[in-house]
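Each reported figure results from applying straightforward, stated rules to the coordinates on display, with no laboratory input. Predicted, not measured: the structure shown is a model, and the values here were computed from it. In this analysis, Cβ positions are derived from the backbone assuming ideal geometry, glycine residues included, and neighbour counts consider all displayed protein chains.
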Amino acid sequence: MPKPIIVAIDGFSSCGKSTVAKQLAKQLSYIFIDSGAMYRAVTLYFIRHNIDLQNNEAVEAALNHIHIHFEYQADGLPATFLNNENVEAAIRQMEISQMVSPVSALKPVRIAMVKQQQRMGEKKGIVMDGRDIGTTVFPHAELKIFLTAHPLIRAQRRLLEYRQKGEEMDLDTVLQNLAERDRIDSTRAESPLRKAEDAIEIDNSNLDRDQQLHLISELVEMAKEGQFSQGRKQLAVERYLCVHSKKFNL
Ligand code: DC
């Protein structure tokens, strides 16, 4: 049996990171952690308790009262729990999406979440997605993926998710929210979103979910064997994209 590895998947908002991380973890029988859900749960707590983001003491005190865990549901998908309450639906609402980036830019919030995330990966056999997984949480991950996609495609995917949940939304609102989150996430002082030097970049604009999973599974196999350079893995991606890209999946 090959040793379990850590797969870190980072990228901008709504690139499909969680979708593929979830599929991959299931395929490998690994743990899946959506680190963004943790920052969303903290944001929900801060909103409910009117925490002033400028007040460092209040932020630190609030963090002591926040316990986040994940539980697998009957549908086989993990749900996020905040202090033992299932908040999976609540944390996906636009109100949270609009507040989560300023909250996750706060140093005490990052310190608390990164500590928990590192504990979750102690035994490896984990797929975690987020913004700083390959750079800060698991800098020694055996496989680091940096996902990108065209902004309009990302907005369209997110819009579909809102509509499927019955939340009315228009494309421009989603597009603006994504652009603003990308701006804050990549310019903040504390572990800003950036591609780790040894990450493999995949633009999934023209891939469907199955193709993306297939490609990343190939990279996992290469990472498990441990003998392929970053260049070889990136070449595998470029070849796959040449053969499988469909023109604009909108
Ligand atoms: O993946 P998501 O869109 O649900 O993440 C929500 C926010 O959480 C995102 O805008 C930035 C923040 N985040 C972060 O700062 N670090 C992570 N590792 C994951 C998410």
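For the reader, a short list of remarks on this structure follows.
- Here the Gaussian network model covers the chain, with springs between Cα atoms less than 10 Å apart; of 222, 120, 169, 169 fluctuates the most.
- Normalising by residue count, the stretch 129-250 has a Cα convex hull of 118 Å³ per residue.
- Note on the chain: GNM, Cα springs under 10 Å; of 148, 135, 173, the largest mean-square fluctuation is that of 173.
- Nearest-ten-degree value, helix 107-120 long axis tilted from longest Cα axis of the chain: 50 degrees
- Subset of 22/246; 124/144; 3/195; 26/224 violating a 21 Å alpha-carbon distance limit: 22/246; 3/195
- Note on the chain: percent of Cα-Cα distances in each 10 Å bin, starting at 0 and stopping at the bin with the largest distance, equals 7, 31, 38, 20, 4, 0.
- Förster radius 22 Å - calculated FRET efficiency between residue 98 and residue 26 (Cβ-Cβ, nearest 0.05): 0.10
- Calculated [θ] (222 nm, deg cm²/dmol) that DSSP helices of n ≥ 4 give over the chain, each run adding -39,500 (n - 2.57): -15500 deg cm²/dmol
- Extending 7 Å from Cα along the Cβ direction at residue 72 and again at residue 225 yields two label points whose distance is 3.0 nm.
- For the stretch 218-239 versus the stretch 99-147, the inter-centroid distance based on Cα atoms is 22 Å.
- Theoretical FRET efficiency, 1/(1+(r/R0)^6), r = Cβ-Cβ of residue 54 and residue 111, R0 25 Å, to 0.05: 0.90
- Note on residue 176 and residue 235: the model spin-label points, each 7 Å out from Cα along the C-beta direction, lie 4.7 nm apart.
- Helix 17-28 and the longest principal axis of the C-alpha atoms of the chain enclose an angle of approximately 60°.
- For the chain, modelled as a GNM whose springs connect Cα atoms under 10 angstrom apart, the maximal fluctuation among 37, 89, 74 occurs at 74.
- Rounded to 10°, Cα long-axis angle of helix 171-187 versus longest principal axis of the chain: 90 degrees
- Relative contact order computed over the stretch 53-108 (Cα-Cα under 8 Å; 6+ residues apart), in percent: 27 percent
- Computed from phi, the 3J(HN,Hα) profile of the stretch 72-77 under the Karplus parametrisation 6.51, -1.76, 1.60 (θ = phi - 60°) reads 6, 9, 4, 7, x, 9 Hz, with x in place of Gly and Pro.
- This model, with +1 at the C-beta of Lys and Arg and -1 at the C-beta of Asp and Glu, gives the stretch 6-244 a dipole about its Cα centre of some 340 debye.
- Diffusion coefficient, µm² s⁻¹, Stokes-Einstein with Kirkwood Rh over alpha-carbon pairs of the stretch 2-117 at 25 °C and 0.890 mPa s: 162 µm²/s
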